[in-house]
Amino acid sequence: MLPVSDFCFDRVIDRRHGDSLKWNRYADRDVLPLWVADMDFAAPPAIISALEKRVAHGCFGYAEATPSLLAAVLGHLQRAYDWQIEADWLVWLPGLVSGLNVACRAVDGDVLTATPVYPPFLSAPGLAGKELATAALQQLGGRWVWDFAALHKAVTPSSHLLLLCHPHNPVGRAWDDDELAQIAAFCKRHQLIVCSDEIHCQLLLDRHLRHRPLATIDADIAQRSITLMAPSKTYNIPGLGCAFAVIPDAALRRRFKATMHGIVPHVNALGLAATEAAYRDCDDWQQALLAVLRDNRDRVAAVLGDIPGLTVNQVEATYLAWIDARALGVGDAAVFFENAGVGLSNGADFGLPGWLRLNFGCPRATLDAALERMLSACSALPGRLPPARSALL
């Protein structure tokens, strides 16, 4: 494996005044955007090379998955998760959120999920004309876990689909085998289809953890599962629009595809080319990225964890810190920090007001500048001490 130094994670790329949704939110304002989940790192060199080669071809007609792309995806799933799938189980999508919305339309009946959770989980059921029931995750010892009693209370006879976030955005948990087994048992008991968003599956930060797709728990849950994956988060290529669903059951797969018809567009040629390179040629880059994200996670925890009124949850997976700001005493904490020059995601969007989500997928210089602003803003609150600048040294 190549060392971290062989890849460039320190270079600050100027994304202002261009097409970046992340940075354009604060155009002409001195606000560092640590909100939406895209990173500020350049994509892996192997992906850039693959795109250059594809662009040089010059013809950009409608594209479909090539045998080499299918081999790259199947090989990756086998190598990373010991998950052997068939190529015809794959359904290609222009994005994972499209998959969530298709699942809500393709499965008859209402929808169940656990909160807090990625906002499209909360909006997709209503857009499909379905009722959404929720059960709150709970904290035990500063760690988010499932409340299975609440989940059993929330399910109704009309519930036919569970939306699962695995690993979880925003709480940063990588669900373990025991939790997954309980989720699978719950779905089988209540005859639920489960749509598992596993887009962050390559971003497990703790070295002892390994992602396990829910569909690998047993054959029964595999037949009632829709697993959504994409290279977009790990390799920082969300703008290329390529994702896929793994649906082992043929009847469920037909319903999913039929629901897509006439609504969901083809995946574009560049997205397919980038996906093949990501899963075939970028393992070293991914491991180097994890080392950088691990250090950034620890930096966030060390600095913000010392600020009275803020509690930072341990992040097992993703590059997103989930922060309890309810005790800070500033009203809307997202607005408070935005006024201090740091743009964060508001926990209310995830179903939990008073919390914040911070994206630490950025160069250390950007992260330290943002943390310094947050520290200074909190230190200026009435009754607080001056900034402990040594925390950032």
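Derivation of every value follows stated rules applied to the coordinates shown; laboratory data play no part. Quantities reported herein were computed from a predicted structural model and do not represent experimental measurements. Virtual Cβ from ideal backbone geometry, glycine too; neighbours counted across all protein chains shown.
Numbers for the structure displayed
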{"read-out": "Mean projected area (nm²) of the alpha-carbon convex hull when the stretch 100-178 is viewed from all directions", "value": "5.2"}
{"read-out": "Cβ charges +1 (Lys, Arg) and -1 (Asp, Glu), total dipole of the stretch 59-281, debye", "value": "240"}
{"read-out": "Within the chain, percent of DSSP bridges classed antiparallel, to nearest 5", "value": "50"}
{"read-out": "HN-Hα J in Hz across the stretch 19-29 - Karplus 6.51, -1.76, 1.60, θ = phi - 60°, x for Gly and Pro", "value": "9, 6, 4, 4, 7, 6, 4, 10, 4, 6, 10"}
{"read-out": "R0 of 51 Å, Cβ-Cβ distance D220-S49: FRET efficiency to nearest 0.05", "value": "0.75"}
{"read-out": "Distance cut-off 33 Å, percentage of C-alpha pairs in the stretch 59-281 lying past it", "value": "12"}
{"read-out": "Along the chain, longest interval not containing exposed GluC sites (Glu not before Pro), exposed being DSSP loop plus at most 12 other Cβ atoms within 10 Å", "value": "87-393"}
{"read-out": "By average C-beta atoms within 10 angstrom, highest first, the peptides 287-295, 348-356", "value": "348-356, 287-295"}
{"read-out": "Neighbourhood charge, 14 Å Cβ-Cβ cut-off, centred on G18 and excluding it, Lys, Arg +1 and Asp, Glu -1", "value": "-1"}
{"read-out": "Full-stretch length increase - D295, D28 - with 0.36 nm per residue and alpha-carbon distance subtracted", "value": "93.1 nm"}
{"read-out": "Computed label-point distance, nm, for sites D176 and D249 using a 7 Å Cα→Cβ extension", "value": "2.9"}
{"read-out": "Net +/- balance of residues flanking C165 in space, Cβ distance below 11 Å, scoring K and R +1, D and E -1", "value": "-1"}
{"read-out": "Theoretical ellipticity at 222 nm over the chain - DSSP helices of four or more residues, -39500 (n - 2.57) apiece, nearest 500", "value": "-11500 deg cm²/dmol"}
{"read-out": "Dipole magnitude of the chain, debye to nearest 20 (Cβ charges: Lys/Arg +1, Asp/Glu -1, about Cα centre)", "value": "400"}
{"read-out": "Cα-based equivalent ellipsoid of the chain: semi-axis lengths in Å, sorted from largest, via gyration tensor", "value": "33, 27, 19"}
{"read-out": "Range of Cα positions in the stretch 117-244 per principal axis (Å), largest first", "value": "40, 36, 31"}
{"read-out": "Rg and Dmax of the stretch 240-393, Cα atoms only, in Å", "value": "20.5, 63"}
